[in-house]
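Q: Just passing along the structure, written as structure tokens.
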Amino acid sequence: MTKKHLFWDSCAFIAYLNDESEAYDTASLKAYISNLGKPNGCEIYTSAIALAEITPKKLITSKFGSFDEFLRDAKGAIHILDAGPNECQTAALLKDVEYQKSGNTGR
């Protein structure tokens, strides 16, 4: 088994931190978080923009404290990537691509 490298948008973190299982597949999110940093586990990447999007008011039911505290607890297995003009332009193009189900139940 090889290490997984995942990119999470702020909505994935908010769903996980608030345990929004009625609207999202938080069981899968929890499984990834439990494997953070393990040799065959996963690494999660997110944009620096997520730091501005995950506000204290959005973590209404979170048991983890602030997003900053959560990142510190992850001990470096969640990587914050800079979002310069090129990255933002590419993100805008990707946001316009419609999601297509690929036959499995996960995205």
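Q: Taking region 59-102, which residues are small (Gly, Ala, Ser), without any contact (Cβ under 8 Å) to a residue 40 or more places away in the chain and out of contact with any strand residue (DSSP E or B) (no Cβ under 8 Å at 6 or more places or on another chain)?
A: Within region 59-102, Gly65, Ser66, Gly76, Gly84, Ala92, Ser102 qualify.
Q: Please enumerate the residues belonging to region 12-33 that are closer than 20 Å to Ile80 by Cβ and open to solvent by 70 Å² or more (accessible area, probe 1.4 Å).
A: Tyr32
Q: Any residue at all in region 34-57 that is without any contact (Cβ under 8 Å) to a residue 40 or more places away in the chain, surrounded by fewer than 15 Cβ atoms within 10 Å (Cβ to Cβ), in a loop (DSSP other than H, G, I, E, B) and charged (D, E, K, R)?
A: Yes - at least one qualifying residue is present in region 34-57.
Q: Select, from Ala23, Ala31, Ala27, the only residue that is under 14 Å from the mean Cα position of the chain (by Cα) and farther than 21 Å from Thr2 by Cβ.
A: Being under 14 Å from the mean Cα position of the chain (by Cα) and farther than 21 Å from Thr2 by Cβ holds for just one of Ala23, Ala31, Ala27, which is Ala27.
Q: Do the conditions hold for Tyr16, that is, is it closer than 17 Å to Leu6 by Cα, out of contact with any strand residue (DSSP E or B) (no Cβ under 8 Å at 6 or more places or on another chain) and modelled with pLDDT of 90 or more?
A: For Tyr16, the condition - closer than 17 Å to Leu6 by Cα, out of contact with any strand residue (DSSP E or B) (no Cβ under 8 Å at 6 or more places or on another chain) and modelled with pLDDT of 90 or more - is met.
Q: Working only within region 1-54, note down all residues that are small (Gly, Ala, Ser) and under 12 Å from Ala74 (Cβ atoms).
A: Answer for region 1-54, where residues must be small (Gly, Ala, Ser) and under 12 Å from Ala74 (Cβ atoms): Ser34, Gly37, Gly41.
Q: Against the conditions (1) open to solvent by 80 Å² or more (accessible area, probe 1.4 Å); (2) under 14 Å from Phe70 (Cα atoms), where does His5 fall short? Just the number, please.
A: With (1) open to solvent by 80 Å² or more (accessible area, probe 1.4 Å); (2) under 14 Å from Phe70 (Cα atoms) applied to His5, the lone miss is (2).
Q: Do we find that Thr2 is among the β-branched types (Val, Ile, Thr) and in a loop (DSSP other than H, G, I, E, B) in this structure?
A: Taking the combined requirement at face value, the residue satisfies it.
Q: Among the numbered conditions (1) at pLDDT 90 or above; (2) assigned to a loop (DSSP other than H, G, I, E, B), tell me where Ala31 comes up short.
A: In the conditions (1) at pLDDT 90 or above; (2) assigned to a loop (DSSP other than H, G, I, E, B), Ala31 misses (2) alone.
Q: Let me ask something else. Sort out which residues of region 65-99 are surrounded by 14 or more Cβ atoms within 10 Å (Cβ to Cβ), outside any helix (DSSP H, G or I) and modelled with pLDDT under 90, and write them in order of number.
A: Once the filter is applied, which keeps residues that are surrounded by 14 or more Cβ atoms within 10 Å (Cβ to Cβ), outside any helix (DSSP H, G or I) and modelled with pLDDT under 90, region 65-99 yields Ser66, Ala74, Ala83.
The values are calculated or read from the model by the stated rules, or taken from the named source; none is laboratory data. Keep in mind the model is a prediction, meaning the values are calculated, not measured. Here the Cβ is made from the backbone with ideal geometry for all residues, glycine too, and neighbour counts use every protein chain on show. Only protein heavy atoms, including side chains, enter the accessible area calculation; ligands, DNA and RNA are left aside. Shrake-Rupley method; radii C 1.70, N 1.55, O 1.52, S 1.80 Å.
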